Amino acid sequence: MKTILIPIAYLLTAFLLISCGQPSRDTQKPGKWQSYSGDKHIAQRVDSVLKLMTLEEKIGQMTQFSANWSITGPVMSDDFQPYLEKGLIGSIFNATSVEGIRRMQQIAVDSTRLGIPILFGQDVIHGYKTIFPIPLGEACSWDLALMQRTAEIAALEAASDGINWTFAPMVDISRDARWGRVMEGAGEDPYLGSKVAQARVTGFQGSGDGSRLDEPTTLLATGKHLAAYGAAESGRDYNPAELSEHTLRNVYLPPYRAALEAGVGTFMASFNEINGIPATADRWLLTDILREEWGFKGFVVSDYTGINELVPHSVARDEQHAAELAINAGVDMDMTGATYIKYLVKSVEEGRVSEKTIDNAARRILEMKFLLGLFDDPYRYLNEERARQNTMTPEFMETARKAVAASVVLLKNDNQILPITKESGKTIALIGPLMNDSINLNGEWAGLGNRNKSVPILKGLTEKYEGSDVKLLYAAGSTITETTQGKIAEAVSATRRADLIIAAMGEDFNWSGEAAVRTDIRLPESQRELLKALKETGKPIVLITLSGRPLDLSWEDENLDAILQAWFPGTQGGHGIADVIAGDYNPSARLVMSFPRNVGQIPIYYNQKYTGRPVDLSNEKIDYKSSYLDASITPLYPFGYGLSYTTYDISDVKLDKSSMKATNDKIIVTAMLQNRGNMDGDMVAQLYIRDLVGSVTRPIKELKGFQKINLKAGESKQVSFEILSEDLAFYGIDMKKKTEPGNFKLWVAQNSADNTNETDFRVEQQ
Ligand code: BGC
């Protein structure tokens, strides 16, 4: 709840002081870089490098290429090798393995005029070799310490393999389940999204102030994709975002800002346009807001060929024009497009880009290289022994397994069919295309995770129940998209001797991620057909869904006994899911994206506006209200929702005072939480408010705090939240961020639709 606002200028100063204050490192191998690394002050050191550089070499630093990867190691494509040899590349990504990276670094350091080291990037999104649940799933844990730890592990594994920089975290707000990239972020809420952004940046970079960036165990992080990429019209990837400045500032920008406050070193400009201007060419966004208003001091990278795409976007006449628009907007580095290196010397000579603009961009990139210690020792990340030691260790596996269990959301559990304990003596028919699958488990953007090594659910359950009285039978019944009457019959016959069915179904991992958009978000027809046949057996059915997005589970909700939303769980998927099924872990995850009743409700999110004709949810059928003729306006499962094997209660919500001032004041909210069941568990207490009247319309509810609390069976605990006056601030009619006086409602709740514990307070004029 309490956000510590540290202006980025201080953070950067902290970076500089920390790095400058350290004795210079013993270099492994002396190289040309040492000739200008004498001065310890980074700014001066950068200047001393810049002075030696030609205009073209500076632009080279602003150029990034992707290395191809083949079975035998990274292959330098003909495209970029000549640039590398001339010292005209600042960064390379998709180059993996210590050996391959060393080879490229050697060329940069030993064979180029100035020997400036390369910055090696990679999409380390939810793990590098140890793959954790997809970020959307992991965010459902509401466990910030866990998210920070998994980012730390991902950073350590990748940094041990020679990587310096990750293009993560993705912090785009996602309200549209059709969009495949919802899997990469933290869902629909700006408050939770901001907290998750901070946890992930801190995890990757090793600390909240960047002070551990100079250790070869952390990664420089990237807040992406700036901005509002998730607002793509109709969920279609790369589509325009048309949204008001109020929505941009109040909903979409907060997580990027939070990433910046956590010290993120770089941002990536998004592919999409916002209100007619592609982000890559948007000076207002990348310079006025990011640098001048927020004080960002790191550097901005374009997305993959994002600059070239200004031509088809129809704001640039040709690639040279595109490069000029991007650099003048504030994009410091061109990812793979080669527009800067091909055209910017000419643009400077022709006077359309100033040399100062180039100097600034090159300076920001060089500064990062100094911060990372690459000038002191370009090979400091490269050590085969370290790579071996820091890969998929037992500790990483244990954390991954916990992360799976903490991410699985129990959506339905009639008659407490789950858990199925080892002592239950049940016979279970295990069915479905994802039951014995390892290939899909890692989901998209799974780094270098070996898909064959992920633990299938069947294996997890088999090991879990080994030696117990529980018996398992197995038949797939279908593939992800196809089935036959024969396969269905085989599955049905496997259920005959069973007490219940567990079906693992869902999406192919390729159906989410970039450019993976669906207009029908139900289970594929073959799997629905199989489910219907299973339903006819009359046996109770537990469904485990694996998907990269919220699905339309209306039929399943109506017809099945239990549903576990397991996302794409990663390396330890089968074990973590088995822990939940057998009751060794009491599910504690809560949704971070609303699940629609059907695709027609999308975009759907809890913090909508009321409208002038709000619907009475107890009677949605009244005419001339903002409702649907053929469906409820409520989601199937709301934001913040999830069940456990125990029930929790919230009572005694109290405020220490009934009003506070609009600035520098706070209210303390306390509530009693109780675990009413007979199993220990973690409860997520969520604090929502509603601002009743504003200078611009206000959301129905807004999350303003949460706590995940462990409660033993039968235990009660008091929880307390602080609401600072600043926490209620928003961009109002004058587009200034402030807290407006007036009346507020407040709930301490178990999910966004829970209105049980409602109270109110007032914010007074000063
Ligand atoms: C994606 C980015 C990613 C980049 C590099 C782009 O297509 O939009 O999120 O970081 O590729 O792989």
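The values are calculated or read from the model by the stated rules, or taken from the named source; none is laboratory data. Not measured: the values here are computed from a predicted model. All Cβ positions, glycine included, derive from the backbone under ideal geometry; neighbour counts span all protein chains shown. Just the protein is used for accessible areas: all its heavy atoms, side chains included, with ligands, DNA and RNA removed. Shrake-Rupley method; radii C 1.70, N 1.55, O 1.52, S 1.80 Å.
Take the stretch 239-262 and flag every residue that is without any contact (Cβ under 8 Å) to a residue 40 or more places away in the chain and either buried (at least 24 other Cβ atoms within 10 Å of the Cβ) or closer than 10 Å to residue 190 by Cα (or both). Steps first, answer last, please.
Pass one, the stretch 239-262, residues without any contact (Cβ under 8 Å) to a residue 40 or more places away in the chain: 239-244, 247-248, 253.
Passing the criteria: only 253.
All but one of (1) at positive phi; (2) free of Cβ contacts under 8 Å to residues at least 12 places away in the same chain hold for residue 477; which doesn't?
(2)
For the stretch 222-271, name all the residues that are within 16 Å of the ligand (Cβ to nearest atom) and among the hydrophobic types (A, V, I, L, M, F, W, C).
226, 227, 228, 231, 232, 241, 259, 264, 267, 268, 269, 271 - these are the residues of the stretch 222-271 that are within 16 Å of the ligand (Cβ to nearest atom) and among the hydrophobic types (A, V, I, L, M, F, W, C).
Test residue 299 against the criterion of being aromatic (Phe, Trp, Tyr), under 30 Å from residue 43 (Cα atoms) and within 16 Å of the ligand (Cβ to nearest atom), and give yes or no.
Details: aromatic (Phe, Trp, Tyr): yes; under 30 Å from residue 43 (Cα atoms): yes; within 16 Å of the ligand (Cβ to nearest atom): yes.
So residue 299 fits the description; yes.
Kindly evaluate residue 174 against the criterion of being part of a loop (DSSP other than H, G, I, E, B), away from the ligand (no atom under 16 Å from the Cβ) and not assigned by TED's automatic domain parsing to the domain that holds residue 553.
no
Answer yes or no as to whether residue 427 is more than 30 Å from residue 331 (Cα to Cα) and β-branched (Val, Ile, Thr). I'd like the intermediate steps shown before the answer.
Numbers: more than 30 Å from residue 331 (Cα to Cα): yes; β-branched (Val, Ile, Thr): yes.
So residue 427 fits the description; yes.
Look through 544, 488 and report the one residue that is of a type outside the set (Ser, Thr, Tyr), more than 32 Å from the chain's Cα centre (by Cα) and modelled with pLDDT of 95 or more.
Working: 544 fails: more than 32 Å from the chain's Cα centre (by Cα).
Testing whether each residue is of a type outside the set (Ser, Thr, Tyr), more than 32 Å from the chain's Cα centre (by Cα) and modelled with pLDDT of 95 or more leaves just 488.
For the stretch 105-133, which residues satisfy the criterion of being open to solvent by 10 Å² or more (accessible area, probe 1.4 Å) and of a type in the set (A, V, I, L, M, F, W, C)?
107, 114, 116, 125
Using beta carbons and a limit of 6 Å, which pairs, at least six apart or on different chains, have the first residue in the stretch 137-166 and within 18 Å of residue 684 (Cβ to Cβ) and the second one of a type in the set (Ser, Thr, Tyr) and open to solvent by less than 10 Å² (accessible area, probe 1.4 Å)?
137/407; 138/407; 140/407; 141/407
Inspect the stretch 238-248 for any residue being within 27 Å of residue 641 (Cα to Cα) and out of contact with any strand residue (DSSP E or B) (no Cβ under 8 Å at 6 or more places or on another chain) and give the result as yes or no.
Residues of the stretch 238-248 that are within 27 Å of residue 641 (Cα to Cα), as a first pass: 247-248.
Narrowing the set further to residues that are out of contact with any strand residue (DSSP E or B) (no Cβ under 8 Å at 6 or more places or on another chain) leaves 247.
Yes, some residue in the stretch 238-248 is within 27 Å of residue 641 (Cα to Cα) and out of contact with any strand residue (DSSP E or B) (no Cβ under 8 Å at 6 or more places or on another chain).
So for the stretch 368-384 (the condition being more than 23 Å from residue 212 (Cα to Cα), part of a helix (DSSP H, G or I) and at pLDDT 95 or above), does at least one residue qualify?
First, pick out the residues of the stretch 368-384 that are more than 23 Å from residue 212 (Cα to Cα): none.
Scanning the stretch 368-384 turns up no residue that is more than 23 Å from residue 212 (Cα to Cα), part of a helix (DSSP H, G or I) and at pLDDT 95 or above.
Rundown of residues vs (1) within 16 Å of the ligand (Cβ to nearest atom); (2) out of contact with any Ser or Thr (no Cβ under 6 Å at 6 or more places or on another chain), yes/no style:
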site	(1), (2)
182	yes, no
186	yes, yes
189	no, yes
192	no, yes
197	yes, yes
203	no, yes
207	no, yes
217	no, yes
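If I filter the stretch 290-316 down to residues being at negative phi and free of Cβ contacts under 8 Å to residues at least 12 places away in the same chain, which single residue comes out as least open to solvent (accessible area, probe 1.4 Å)?
Kept after step one, since they are at negative phi, are these residues of the stretch 290-316: 290-294, 296-304, 306-313, 315-316.
In the following step, the residues that additionally are free of Cβ contacts under 8 Å to residues at least 12 places away in the same chain were identified as 292-293, 311-312.
Numbers: 292: 128, 293: 90, 311: 48, 312: 105 Å².
Going through the qualifying residues, I end up with 311.
Please tell me if residue 362 is more than 27 Å from the chain's Cα centre (by Cα), within 16 Å of the ligand (Cβ to nearest atom), closer than 23 Å to residue 105 by Cα and touching a residue at least 40 places away in the same chain (Cβ under 8 Å). Full working, then the answer.
Values: more than 27 Å from the chain's Cα centre (by Cα): yes; within 16 Å of the ligand (Cβ to nearest atom): no; closer than 23 Å to residue 105 by Cα: yes; touching a residue at least 40 places away in the same chain (Cβ under 8 Å): yes.
So residue 362 does not fit the description; no.
I'm trying to understand the selection: among the residues of the stretch 272-286, which are away from the ligand (no atom under 15 Å from the Cβ), assigned to a helix (DSSP H, G or I) and either among the small types (Gly, Ala, Ser) or on the phi > 0 side of the Ramachandran plot (or both)?
Correct list: 281 only.
Let's see how each residue does on (1) within 16 Å of the ligand (Cβ to nearest atom); (2) free of Cβ contacts under 8 Å to residues at least 24 places away in the same chain; (3) aliphatic (A, V, I, L, M); (4) over 15 Å from residue 280 (Cβ atoms):
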site: 331; (1), (2), (3), (4): yes, no, yes, no
site: 335; (1), (2), (3), (4): yes, no, yes, no
site: 347; (1), (2), (3), (4): no, no, no, yes
site: 358; (1), (2), (3), (4): no, no, yes, yes
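How many residues does the stretch 548-562 hold that are open to solvent by 10 Å² or more (accessible area, probe 1.4 Å) and farther than 11 Å from residue 635 by Cα?
Here is the first cut: in the stretch 548-562, the residues open to solvent by 10 Å² or more (accessible area, probe 1.4 Å) are 552, 554-555, 557-559, 561.
Among the residues that remain, those that are also farther than 11 Å from residue 635 by Cα are: 555, 557-559, 561.
Number satisfying all stated conditions: 5.
Suppose we keep only residues that are hydrophobic (A, V, I, L, M, F, W, C) and assigned to a loop (DSSP other than H, G, I, E, B) within the stretch 177-202. Which one would you say is nearest to the chain's Cα centre (by Cα)?
Step one: of the stretch 177-202, the residues hydrophobic (A, V, I, L, M, F, W, C) are 177, 179, 182-183, 186, 192, 196-197, 199, 201.
Next, only the ones that are assigned to a loop (DSSP other than H, G, I, E, B) stay: 177, 179, 186.
Values: 177: 15, 179: 14, 186: 5 Å.
By that ranking, first place goes to 186.
Under 8 Å between Cβ atoms, which residue pairs at least 6 apart in sequence (or on different chains) link something in the stretch 727-752 that is closer than 25 Å to residue 591 by Cα and of a type outside the set (Phe, Trp, Tyr) with a partner that is open to solvent by 50 Å² or more (accessible area, probe 1.4 Å) and not in a loop (DSSP other than H, G, I, E, B)?
Correct list of pairs: 745/758; 745/760; 746/758; 746/760.
For the structure I just gave you, tell me whether residue 230 is open to solvent by less than 10 Å² (accessible area, probe 1.4 Å) and at pLDDT 95 or above. Spell out how you get there, then give the answer.
Values: open to solvent by less than 10 Å² (accessible area, probe 1.4 Å): yes; at pLDDT 95 or above: yes.
Taking the combined requirement at face value, the residue satisfies it.
Scan the stretch 612-660 for residues that are part of a strand (DSSP E or B) and on the phi < 0 side of the Ramachandran plot and report the count. Step through it out loud before you land on a result.
As a first pass, look at the stretch 612-660 and keep what is part of a strand (DSSP E or B): 637, 643, 648-655, 659-660.
Within this subset, residues satisfying the condition of being on the phi < 0 side of the Ramachandran plot are 637, 643, 648-651, 653-655, 659-660.
Number of matching residues: 11.
Residues 167, 204: which one is surrounded by 24 or more Cβ atoms within 10 Å (Cβ to Cβ) and touching a helix residue (DSSP H, G or I) at 6+ places or on another chain (Cβ under 8 Å)?
Numbers: 167 fails: touching a helix residue (DSSP H, G or I) at 6+ places or on another chain (Cβ under 8 Å).
Matching residue, one of 167, 204: 204.
Is one or more of the residues making up the stretch 334-357 surrounded by 24 or more Cβ atoms within 10 Å (Cβ to Cβ), more than 23 Å from residue 214 (Cβ to Cβ), charged (D, E, K, R) and in contact with a strand residue (DSSP E or B) (Cβ under 7 Å, 6 or more places away or on another chain)?
yes
Just give me the residues in the stretch 595-611 being hydrophobic (A, V, I, L, M, F, W, C) and assigned to a loop (DSSP other than H, G, I, E, B), in sequence order. Can you show your working first?
Going through the stretch 595-611, the residues hydrophobic (A, V, I, L, M, F, W, C) turn out to be 595, 599, 602, 604.
Hits for the stretch 595-611 are 602, 604.
Filter the stretch 82-103 down to the residues that are under 30 Å from residue 400 (Cβ atoms) and away from the ligand (no atom under 16 Å from the Cβ), then identify the one that is most open to solvent (accessible area, probe 1.4 Å). Reasoning before the result, please.
From the stretch 82-103, those under 30 Å from residue 400 (Cβ atoms) are 91-102; that's our starting set.
Filter once more, so that each one left must be away from the ligand (no atom under 16 Å from the Cβ): 97-102.
Working: 97: 31, 98: 7, 99: 107, 100: 1, 101: 1, 102: 63 Å².
Looking at the filtered set, the residue picked out is 99.
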